[in-house]
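The values are calculated or read from the model by the stated rules, or taken from the named source; none is laboratory data. None of these values were measured; they are calculated from a predicted model. Backbone-built Cβ (ideal geometry, glycine too); neighbour counts: all protein chains shown. Note: areas computed on protein heavy atoms with side chains; ligands, DNA, RNA excluded. Shrake-Rupley method; radii C 1.70, N 1.55, O 1.52, S 1.80 Å.
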Amino acid sequence: MKLIKTKDYAELSRKAANIIAAQITLKPDCLLGLATGSSPVGTYENLVSMYEKGDLDFSQVKSVNLDEYVGLDGSNDQSYRYFMNHHLFEKVNIDMANTHVPDGTNLDNAKCCDAYNALLKEMGTVDLQLLGIGPNGHIGFNEPDDHFEQLTHCVDLTNETIQANKRFFASEADVPRQAYSMGIGNIMSAKMILLVANGKNKAKALAAAINGPVTPQCPASILQFHPNVVIIADEEALSEL
Ligand code: F6R
């Protein structure tokens, strides 16, 4: 596990974008695993600006996203499909047909998860998986549990996650109670994992993920078993380490 400490979010975002840019430059048709939430917003901004300067070409890049809220379609501004379109896909020359997010409009949980697992298999190995981390140690929407879920599954969001994510919605009642998420097995099969974390509210989870026991009670702790993980975190997020 490689740990890169940055003084603030801006530096974190530049460094994370540089690593993703290097991946795209080295392998223009790479498969990226992408995350949403507030943590990667700055990373995506930097990638967009590299693209605008002519330094990055997304024309052959393919992507698979970690997760999506059940019940939200891509036109809903809280859906993860909307987030990805808005923060990255519509601002670079990626082929939309090469971008994939679980289908939140498919309310048949088993069918939706099976379809996404089949898609992941067909797409092949993710070259670089970008992750954030929840204040409870979740990655994707793999919430603390008594076991690690391997494949894409439907998750009942914990109250902690609903509280953490309600800031994006008009009210707490509007936060969907379920999400589709890649499993830990899907995430761990990526060749490289890049986790970005900023802010004090991530400090406990990050310390547990890096130094604590590997346990499904802190899903991110499984990353200790991955051979190629880079964590970029600011001083606040590393304050409990
Ligand atoms: C989002 C995702 C989540 C977030 C996590 C942190 O696709 O998979 O695991 O990375 O909830 O969210 P933020 O970055 O908003 O603190």
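General remarks:
- Residue list for the stretch 58-101, restricted to those being in a loop (DSSP other than H, G, I, E, B) and under 13 Å from the mean Cα position of the chain (by Cα): L66, V101
- A220 passes every criterion in (1) open to solvent by 50 Å² or more (accessible area, probe 1.4 Å); (2) touching a strand residue (DSSP E or B) at 6+ places or on another chain (Cβ under 6 Å) apart from (1).
- Lone unmet requirement of (1) in contact with a Phe, Trp or Tyr (Cβ under 7 Å, 6 or more places away or on another chain); (2) open to solvent by 20 Å² or more (accessible area, probe 1.4 Å) for D174: (1)
- Residue within the stretch 107-116 that is of a type in the set (G, A, S), within 16 Å of the ligand (Cβ to nearest atom) and either open to solvent by 40 Å² or more (accessible area, probe 1.4 Å) or within 16 Å of Y69 (Cα to Cα) (or both) present: no
- Checked against (1) in contact with a helix residue (DSSP H, G or I) (Cβ under 7 Å, 6 or more places away or on another chain); (2) part of a helix (DSSP H, G or I); (3) at pLDDT 95 or above, K166 passes all but condition (3).
- Complete set of residues in the stretch 70-99 that are in contact with a helix residue (DSSP H, G or I) (Cβ under 7 Å, 6 or more places away or on another chain) and within 13 Å of the ligand (Cβ to nearest atom): Q78, H87, L88
For every residue, the table says whether it meets (1) within 12 Å of the ligand (Cβ to nearest atom); (2) open to solvent by less than 40 Å² (accessible area, probe 1.4 Å); (3) in contact (Cβ under 8 Å) with a residue 24 or more places away in the chain.
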site: G140; (1), (2), (3): yes, yes, yes
site: E143; (1), (2), (3): yes, yes, yes
site: H153; (1), (2), (3): no, yes, yes
site: D156; (1), (2), (3): no, no, no
site: K166; (1), (2), (3): yes, no, no
site: S189; (1), (2), (3): no, no, yes
site: V196; (1), (2), (3): yes, yes, yes
site: K204; (1), (2), (3): no, no, yes
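- Matching residues, the stretch 123-138, being crowded, with 16+ Cβ neighbours inside 10 Å and part of a loop (DSSP other than H, G, I, E, B): V126, D127, G132, I133, G134, P135, N136, G137, H138
- The single condition among (1) without any contact (Cβ under 8 Å) to a residue 60 or more places away in the chain; (2) in a loop (DSSP other than H, G, I, E, B) that L238 does not satisfy is (1).
- Subset of the stretch 22-49 that is near the ligand (Cβ under 10 Å from one of its atoms), of a type in the set (A, V, I, L, M) and not in a helix (DSSP H, G or I) - its residue that is surrounded by the fewest Cβ atoms within 10 Å (Cβ to Cβ): A35
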